[in-house]
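Undergrad: Structure below; questions to follow.
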Amino acid sequence: MVRVDGEGNGGGLIRVRHLDKKYRRGSEEIDVLQGLNLDVEQGEFVAFMGPSGSGKTTLLNLLGGLDLPTSGSITVAGDEITHMSAAKLTAWRARHVGFVFQMYNLIPVLTAFANVELPLLLTRLSKAQRRRHVEVALGVVGLLDRMDHYPRQLSGGQEQRVAIARAIVADATFLLADEPTGDLDRKSADEIMELLGRLVREHGKTILMVTHDPRAAERAGVVLHLDKGALVEGSAAAGIPA
Amino acid sequence: MRFVGLVWANLARKKLRTTLTVGSFAVALFLFGVLVPIRGAFSGGTDVAGADRLTVINKTSLIMPLPFSYRDRLLGVPGVAAVTFATWFGGVYQDERNFFPQFAVDKDTWFDVYSEYVVPKERLAEFLRDRQGCLVGRSLAKRFGWKVGDRIPLRGAIFTGAWEFNLDGIYDGKRPDVDTSQMLFRYDYLEEQRQFGKGTVGWYVVKLANPDDAVRVAAAIDDGFANSPYETLTQTEKAFAASFAKQMGNIGLLVMTIGAVVFFTLLLVTGNTMAIAVRERTGELAVLKTVGFSDLGVLGLVLGESVLIAGQGGALGLALAKLFTLGGDPTRGMLASFYLPWSSIGLGFGLALLVGAAAGALPAISAMRLGVVDALRRV
Ligand SMILES: Nc1ncnc2c1ncn2[C@@H]1O[C@H](COP(=O)(O)OP(=O)(O)O)[C@@H](O)[C@H]1O
Ligand SMILES: [Mg+2]
């Protein structure tokens, strides 16, 4: 069960308490997140919605250990990550988090195979073991036949599937996706959402996704809206500017 | 090793740029590989001069002679193992442009003192028999296409007249850096034929029983001849060669300066290239960090790239330089020696890697410091 009232019993996978994030722009201070609470259990598919500038990316960055909050705590699978050193946080990220971005962010000079292999270079896996993992991941996203292609030789939808393969190849604890369909046409977007849904249903993955697209949000089990720096439960259709 | 593929892929990103940068290193290191032998040639063998030899010259000037009678007195100085002597001949072969050094030497003692010269036994025997005989170095013989048995005419410039010598043998060096551009002929022949300066020699060379004695023996020699009409200046051969080389201008310094400027330019060019390479890859570096590459790991990737460029270019340039020097003296004998030692190749390669690392350092550090969140927002 996903909760945003801070009353979760602590048995979940992700537990966020009283999260504040302020940015300083010159003398002005912007409170982006204010007292945000969140509890997410293993195997859930959560969509975050909210107007542009409401702090969705900021929240994902904090959950993924890319950035540090002004105050509050984030606990993932028992690890409190807001007090880790930068080096520890990097190692934690490599083990637990898979990122999917709007712009795919593949390395253009590497083949699909090599892009997916990147996170595995940081593990102790042998070359043969890495190959097996990469093939499994590319198989899940249905691009085994494209593994020698470079990103520029792939369509946007295919690039995003490679990025998803990269996010799951090291068996991350959870995936963070920031507008994964934001740059795709309807058909490709549907395919990506179908793929993410399948990862949750069939592979037991936990996914937290930011999206503007109500159709994409419908695929998620829970839709949360960012409002005045905190999360409120809602539906895919609610709160979207007409 | 598993990251090499990533480094390679980044180098392959802009093939032209990588090729040009590798090419800069190759050109610079080729230049280095050619300058080193030239400097070696002009340092007059200062690097190879025997530590166990002293040169005794006239205190007034190198070109003033010393009496022949000094030989026995030198032999009497404690610590002196052997004495030989030579006179600069300064003849012209066919044309002024064909300059090469010619020395009248003492046939009986020269090779005792200069043991790094190698002459076949029967050739040396012929030289000892033949009053008009001469020996020439391998590179000199090659320069003019001389063979044993040739007659070599020289026009005397100091000792005027037409001189002729029989080429009795060709000498080699025990080491590749021995000067084989010289001609040696017999002092007794010069003495017999010359119109002036009879009874004098150009300079003496003293072989020490113990190299550690150099300072003491040199002082003893100069003290012994103090207040005589022919006062002496005794130096180690190294110092002598250095002062001899100074008469040619400070080529060594010039060569070093050129080299330093080239390496500095290389540093700037490569540093700039790497800075551009890092800047245009900001987003990708951020992605690597997102995926879990540590700051130090990213630093290493950028440094590795820079060092790999330097290593490839350096190896290429030095290999070409070595090949070039193996082809022999490009001036066909103007240089005393033309040899690129392996130690200098090692030094050059080390310098190249160092320049590569230095050039990559600043961009690598900025890649290391790159903040993921800000960089991702810029993508
Ligand atoms: N580094 C920063 N410095 C200052 N303000 C920032 C910075 N990053 C984000 N912001 C501000 O924080 C707010 C939330 O940004 P963001 O999380 O990107 O929103 P969203 O993803 O919902 O569009 C915006 O007003 C943005 O301008
Ligand atoms: Mg955003």
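The values are calculated or read from the model by the stated rules, or taken from the named source; none is laboratory data. Everything numeric in this text was worked out from a predicted model, so none of it was measured. So basically every Cβ, Gly included, is an ideal-geometry build from the backbone, and we count neighbours across all protein chains shown. To get the accessible areas, we keep the full protein, side chains included, count just its heavy atoms, and leave off ligands, DNA and RNA. Shrake-Rupley method; radii C 1.70, N 1.55, O 1.52, S 1.80 Å.
Undergrad: Check whether at least one residue in segment A:229-239 is buried (at least 22 other Cβ atoms within 10 Å of the Cβ) and in contact (Cβ under 8 Å) with a residue 12 or more places away in the chain, and report yes or no.
TA: yes
Undergrad: Among what's in segment B:153-211 and is over 19 Å from B:Glu126 (Cβ atoms) and basic (Lys, Arg), pick the residue that is most open to solvent (accessible area, probe 1.4 Å).
TA: Ranking the candidates gives B:Lys174 first.
Undergrad: Within segment A:47-81, track down each residue that is at negative phi and away from ligand 1 (no atom under 16 Å from the Cβ).
TA: Across segment A:47-81, the qualifying residues are A:Ser71, A:Ser73, A:Thr75, A:Val76, A:Asp79, A:Glu80, A:Ile81.
Undergrad: Given the criteria more than 9 Å from chain B (Cβ to nearest Cβ) and among the aliphatic types (A, V, I, L, M), does A:Val97 qualify?
TA: Numbers: more than 9 Å from chain B (Cβ to nearest Cβ): no; among the aliphatic types (A, V, I, L, M): yes.
Considered against the rule, which asks whether it is more than 9 Å from chain B (Cβ to nearest Cβ) and among the aliphatic types (A, V, I, L, M), A:Val97 comes out as no.
Undergrad: Look through A:Leu110, A:Leu106 and report the one residue that is at the interface with chain B (Cβ under 9 Å from one of its Cβ atoms), surrounded by fewer than 22 Cβ atoms within 10 Å (Cβ to Cβ) and more than 16 Å from ligand 1 (Cβ to nearest atom).
TA: That would be A:Leu110, the only listed residue that is at the interface with chain B (Cβ under 9 Å from one of its Cβ atoms), surrounded by fewer than 22 Cβ atoms within 10 Å (Cβ to Cβ) and more than 16 Å from ligand 1 (Cβ to nearest atom).
Undergrad: Can you say whether B:Val291 is closer than 30 Å to B:Ala26 by Cβ and assigned by TED's automatic domain parsing to the domain that holds B:Ala359, as far as the supplied structure shows? It would help to see each step written out before you state the result.
TA: Values: closer than 30 Å to B:Ala26 by Cβ: no; assigned by TED's automatic domain parsing to the domain that holds B:Ala359: yes.
So B:Val291 does not fit the description; no.
Undergrad: Would you confirm whether any residue within segment A:65-75 is in a strand (DSSP E or B), within 16 Å of ligand 2 (Cβ to nearest atom) and surrounded by fewer than 18 Cβ atoms within 10 Å (Cβ to Cβ)?
TA: no
Undergrad: Moving to a separate point now. Which pairs have Cβ atoms under 7 Å, sit 6 or more apart or on different chains, and link a residue in segment A:175-190 that is under 14 Å from A:Gln158 (Cβ atoms) to one that is acidic (Asp, Glu)?
TA: Qualifying pairs under 7 Å: A:Thr181/A:Asp213; A:Ala189/A:Asp213.
Undergrad: When A:Pro119 is evaluated against the numbered criteria (1) over 14 Å from the mean Cα position of the chain (by Cα); (2) closer than 30 Å to B:Arg13 by Cα; (3) more than 9 Å from chain B (Cβ to nearest Cβ), which criterion, by number, is the only one it fails?
TA: (3)
Undergrad: Scanning segment B:214-246 for residues that are open to solvent by less than 30 Å² (accessible area, probe 1.4 Å) and modelled with pLDDT of 90 or more, which turns out nearest to B:Ser61 (Cα to Cα)?
TA: Residue satisfying both the conditions and the ranking: B:Thr232.
Undergrad: Give the residue, chosen from B:Gly149, B:Gly145, that is touching a Leu at 6+ places or on another chain (Cβ under 7 Å), open to solvent by 20 Å² or more (accessible area, probe 1.4 Å) and outside the structural domain of B:Tyr339 (by TED's automatic domain parsing).
TA: Selected residue: B:Gly149, the only one of B:Gly149, B:Gly145 that is touching a Leu at 6+ places or on another chain (Cβ under 7 Å), open to solvent by 20 Å² or more (accessible area, probe 1.4 Å) and outside the structural domain of B:Tyr339 (by TED's automatic domain parsing).
Undergrad: Turning to a different aspect of this structure: Just to confirm my filter: which strands (runs of 3 or more DSSP E) fall fully inside segment B:121-173 and include at least 3 residues that are touching a helix residue (DSSP H, G or I) at 6+ places or on another chain (Cβ under 6 Å)?
TA: Because the criterion is at least 3 residues that are touching a helix residue (DSSP H, G or I) at 6+ places or on another chain (Cβ under 6 Å), the strands (runs of 3 or more DSSP E) in segment B:121-173 that meet it are B:161-173.
Undergrad: Next question, about the same structure. Which pairs turn up if I take residues in segment A:44-63 that are within 14 Å of chain B (Cβ to nearest Cβ) and look for partners that are part of a helix (DSSP H, G or I) and more than 9 Å from ligand 2 (Cβ to nearest atom) with beta carbon separation below 9 Å, at least 6 apart in sequence or on another chain?
TA: Matching pairs, first to second residue: A:Thr57/B:Val373; A:Thr57/B:Leu376; A:Thr58/B:Val373; A:Asn61/B:Val372; A:Asn61/B:Val373; A:Asn61/B:Leu376.
Undergrad: Moving to a separate point now. Go through (1) farther than 30 Å from B:Val373 by Cβ; (2) within 14 Å of chain A (Cβ to nearest Cβ) and name the single condition B:Ala219 misses.
TA: Looking at each condition in turn, B:Ala219 falls short on (2).
Undergrad: If you check A:Tyr23 against the conditions, is it among the aromatic types (Phe, Trp, Tyr), at pLDDT below 95, within 16 Å of ligand 2 (Cβ to nearest atom) and more than 17 Å from A:Pro180 (Cα to Cα)? Explain how you work it out, then say what you get.
TA: Working: among the aromatic types (Phe, Trp, Tyr): yes; at pLDDT below 95: yes; within 16 Å of ligand 2 (Cβ to nearest atom): yes; more than 17 Å from A:Pro180 (Cα to Cα): yes.
The answer is yes for A:Tyr23.
Undergrad: Pull up segment A:26-41, narrow it to residues that are more than 16 Å from ligand 2 (Cβ to nearest atom) and exposed (fewer than 14 other Cβ atoms within 10 Å of the Cβ), then point me to the one that is farthest from the other protein chains (Cβ to nearest Cβ).
TA: Across segment A:26-41, the extreme among qualifying residues is A:Ser27.
Undergrad: Using the structure shown, decide if B:Gly5 is farther than 30 Å from B:Thr282 by Cβ and at pLDDT below 95.
TA: Here the answer is no, as B:Gly5 does not meet what is asked.
Undergrad: Looking at (1) within 12 Å of ligand 1 (Cβ to nearest atom); (2) touching an Asp or Glu at 6+ places or on another chain (Cβ under 8 Å), which is the one condition that is false for A:Asn37?
TA: Evaluating A:Asn37 over (1) within 12 Å of ligand 1 (Cβ to nearest atom); (2) touching an Asp or Glu at 6+ places or on another chain (Cβ under 8 Å) leaves (1) as the failure.
Undergrad: Still on this structure, I have one more. Between residues in segment A:78-92 that are within 9 Å of chain B (Cβ to nearest Cβ) and residues that are open to solvent by 40 Å² or more (accessible area, probe 1.4 Å), which pairs lie under 6 Å by C-beta distance while being six or more apart or on different chains?
TA: From segment A:78-92, the pairs are A:Thr90/B:Ser294.
Undergrad: Right, next: Wholly within segment B:222-319, which helices (runs of 4 or more DSSP H) include no fewer than the required count, namely at least 3 residues that are within 14 Å of chain A (Cβ to nearest Cβ)? Walk me through how you get there before you give the answer.
TA: Values: elements: B:237-246, B:251-279, B:282-291.
The helices (runs of 4 or more DSSP H) meeting that bar are B:282-291.
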